[in-house]
Every structure is written in C-alpha cells, then in structure tokens.
Amino acid sequence: MNMHKYATLILAAMLLAAPAWGQSPSGVVINEVFTGNPDWVEIANTSGTTRVLDGWQLQAVFGYTLYPAYVFPSGTSIAPGECLIVLENTGSLVSVINPPPPSAQILNTIFGYGWIGTSTGSLALVDQLGQVQDLLVFGTGPCLLPPSATALSFADPVDRFGNDPALGNVIYRASETDGDDGHDWQQGLNGSETPGQPNPGQDFGLPALHHLELVGGSCPLVFDPQHQSFTVTATIGGLALADGTIRSDPAWDPLIGGTITVTAPILGSASADLGGLISTQAQVDFTDGCGAMARVTGIIAAEGSLEQELIGPLGTWPVNHRALSTRGLVLTQTGGTASPALAAVTAAALGARLYFVIRLDDAGPRLVRVDLGRDPNAPAPGLSSRLAAAGQGALEIGVINASMNAVIFNVFVITPALPLGQGPVAGIDWGPSQWQQVFLPLPSPPFHVNPASPGQYHFSAPQGTVPPGIWLDHVAIQLIGGLPVFSPPTRAFF
C-alpha cells in the first residue's frame, strides 16, 4: 500500500448518454481505480460476449495535466465477467494488496509514475472508433476531461461528494447498475482492493446463486472449549439459484462437490443458542473439485434474532435457527482458476452478503445452509403453519413465527369444495355446506396459548382422529389484541 500518496478521492462516475452496464454497446467499463504506488485501473466486461480491445485506449488527466494515452496491445480481449488490470510503468502489484486470481490479465503502461493522481482527475475508456465507452471524474477540484470526452458524453451533471481523507486510495463500482451520478461508486479502505475480480456488491457474469446446499443436509459445529473456537467442514451438494432451480451436477460448476470450512475463534462467550457469538479472526476456505480455492478472513457474528423453520419428514417440526453473518472479510489467499460459482461465493463473502444458517436442536448446533445475501428491508416472516397426515388418521401441525403469548386456534375444513387458497376466509372453503370448524383435543377451552418464546407450536393428534379418505384444510389463527392473524392455508389427504 502506498503510504506517501494518501488518496483524497471524491468521485462522480459519468458515462456517455448510452451508459455501460446493460446499456453500452460493449458493456466494458472502468470498474476500480487504485492511486497508490504504482497506480492501476481495473476494466470489467459486464456483457455476455468476449470483447476485443485492439486499439482501445485509457486516457487519464490529473488536474490539468494530460498523460499519454495507454493503447491496448493487439490481441487483447476480455471475456464475460472478466476483470483485467492496467498497471502503470513496468511495476507489479504491491504484496499488501489482495492478490488477483492467477488467471487475471495484468498489462503495463510502460510509462508513469503518478499516472492517475490522488486528489482530482478523470479517466476515459475509449474504443477503437474514438467513442467514449466509460468516463470517470473524481475529486473536489477542477480538472480537464480526457481528449475524447466532451459535454455530450454525459447523461447527467457531475455529482461530487464530500472528502474524507481518512479513507484509503481505492475507488470502485459497488453495483451492477449505472445512475450516471457517482452513486454507483464508493471509496475503499486500505486493504479493500479487489483487483481482477468483482467488487463488493457485484456478481456480474456469474450465476445468480441463492444458497449452497450441503451433502447430508447438515454438518455439526465442533467446539474447542480450550481455545474457545469452533470449526465446521461441509461438502457442497448443490447450488440453489435465484430462480428456484437447484444444480447438483459437478459438470455444471465444480464448486458442486467442493468443500467449505469455517474456523472461528470466539471472542468472549456465546449463549447456548449462539446469541452474542462473534469472531474477529474467522477464516473461511472454499475449494472446488478442480483444485481452485479461495480463503477469506475477518469477522463472523451472530444475527440478533432467532429464525424458525418447519422441518422433519412431515415438515411440521418447528426448530430454531440462527444466522451467522460475514462482516468485513478480506481475500487472503487464492489458488487455481476460480469457477463462476466459486467467484460468486467469494464476492458474496467480500461484500458481507454471506450467511451461515445454524440449526439449533437436541443434536447440537449444525450448519444446514449457506445463504448468499438477504434483503435487510424484507418484513419479518409472518405466522406460518403446516398440516400433515401422520398415517392411520393421525395428524401433525406445526406453527412458527407466532407472536409471544398469542392465543392460537387451529381451524379445519373437511372435504373442501374449493381449491386451496381460493376460499373466502384465509383461503379456505368457508361455506355453509363445505366447512366444519374442528378443534382437536386441545386443552379446554379449545385453544393453545403460545409460550413467551420461541414463537412456535407443535401438535400431534392420535391415530383415528380423522376418518380415512378425506381431504383436510388447515389454517392457524392467532389473536393479538382481539384481532385475528391467519397463516397461509395447507392441505393434507387422509
């Protein structure tokens, strides 16, 4: 890290009227800028097509000083989702910078130093026809635009932000959209550079992963009381995509069949349900079936609230879960050529979007899933229930996410005439000839008071309770202040 040129980078990212990132004809953009010693610029291909960069240029201005244009050599190309690095002079990346993937292209300008500048400047990525594909303006002072850039290059006025000299000397795109006003860019702390790979908040060109599924469904956390740490190692059995599909063939991506290992020294103590757990020196290792690996280190901390899921053969058994979230992880080691899924998981970890979901039951804490991102603005899960036939007229009901001390009623419809979800009340067939309200043998009066915690309820009715050969719909109702709240209806055949 250059300690002599602290960057005071205040930036506004401006693209031409047809901006890149889904709108530019090329989809090739300036993605990250480091004003250290030496300076470097990362170029990313956000399109789905390999782009040939023969004759393209990087034009740089520091204040009122125009530097020679860097011309990409003949034969240079950039694949979809790839990030290449243009490094000033003949130097190499300093050792304290997060290393790029071994496959990353690194090109040298042969000229420099001070190519980019530290306080105010501009950069233009220009194609072989002289068209500005991307334009970045940063800093608080006046500066010239690169020769190929004109006022017509911009869709919006430059938007400059206040300066914070305590920040480091890297600026980067932090999204996959472009608002032409600088809000898509951020300043990074020293050590946060990600040359040759997506930045935090980016997954372009990579599979849209939702979560990782584990072989065997779960793996226990092994605690070392002497060293106050835990370790868990799991084999990745499938990749669940954002569209709901699950990929389980290693031929689709070698991360399937790979492993994930978490080693986390625990700071202080944690409760039995892992509440308050925090590790400031956690290490997470990912490996795929082709020998590629990535190691990230940093903070892992327990989310503040418990989560509940209905599990078991019938899907009616409520069990508490707690998510451990990644915070401030940095890439410390790589090896081999990362597959798209491995790159996506690594990007999620670096972007504080990786969550280890831990199941808490009598078997002890177990890792059951690794989520890639959660919506912090999503509403808390509502009342949910599950009805299941347990054989020979027996049934089971599971209810989760109930409010503390809520009064729970179980309402049933025997032989419903309407499809599930199309009934007039709570989606069930609430008609004079089709419905029958049944309170199975619960304590008298026929309701159940949910305990103060953990907001869940399980009920099992014995064999012979329900006649054979009928359909049964169920909805749970909780009363809060006299107002009913309904769970989504479920249906079972007996």
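Here are the numbers for the structure shown:
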{"quantity": "Those strands (runs of 3 or more DSSP E) lying entirely in region 1-108 with at least 2 residues modelled with pLDDT of 90 or more, over 24 Å from the mean Cα position of the chain (by Cα) and not assigned by TED's automatic domain parsing to the domain that holds residue 136", "calculated": "none"}
{"quantity": "Restricting region 360-379 to residues that are in contact with a strand residue (DSSP E or B) (Cβ under 6 Å, 6 or more places away or on another chain) and among the aliphatic types (A, V, I, L, M), the residue that is surrounded by the fewest Cβ atoms within 10 Å (Cβ to Cβ)", "calculated": "360"}
{"quantity": "Residue in region 281-288 that is over 17 Å from the mean Cα position of the chain (by Cα) and more than 21 Å from residue 333 (Cα to Cα) present", "calculated": "no"}
{"quantity": "Check on residue 399, crowded, with 19+ Cβ neighbours inside 10 Å, in contact with a strand residue (DSSP E or B) (Cβ under 6 Å, 6 or more places away or on another chain) and not assigned by TED's automatic domain parsing to the domain that holds residue 479", "calculated": "no"}
{"quantity": "Strands (runs of 3 or more DSSP E) enclosed by region 329-424 - at least 3 residues per element that are of a type in the set (D, E, K, R)", "calculated": "366-372"}
{"quantity": "Selection count where residues are within 30 Å of residue 456 (Cα to Cα) and either surrounded by 19 or more Cβ atoms within 10 Å (Cβ to Cβ) or of a type in the set (Ser, Thr, Tyr) (or both), scope region 321-359", "calculated": "12"}
{"quantity": "Unique residue being of a type in the set (A, V, I, L, M, F, W, C) and either modelled with pLDDT of 80 or more or on the phi > 0 side of the Ramachandran plot (or both) when the list is 475, 438, 449", "calculated": "475"}
{"quantity": "Filter result for residue 225 (assigned by TED's automatic domain parsing to the domain that holds residue 335, surrounded by fewer than 17 Cβ atoms within 10 Å (Cβ to Cβ) and over 18 Å from the mean Cα position of the chain (by Cα))", "calculated": "yes"}
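The values are calculated or read from the model by the stated rules, or taken from the named source; none is laboratory data. Every value quoted in this text rests on a predicted model; they were computed, and no experiment measured them. Methodologically, a virtual Cβ is constructed for each residue, glycine included, from the backbone with ideal geometry; neighbour enumeration extends over all protein chains shown.
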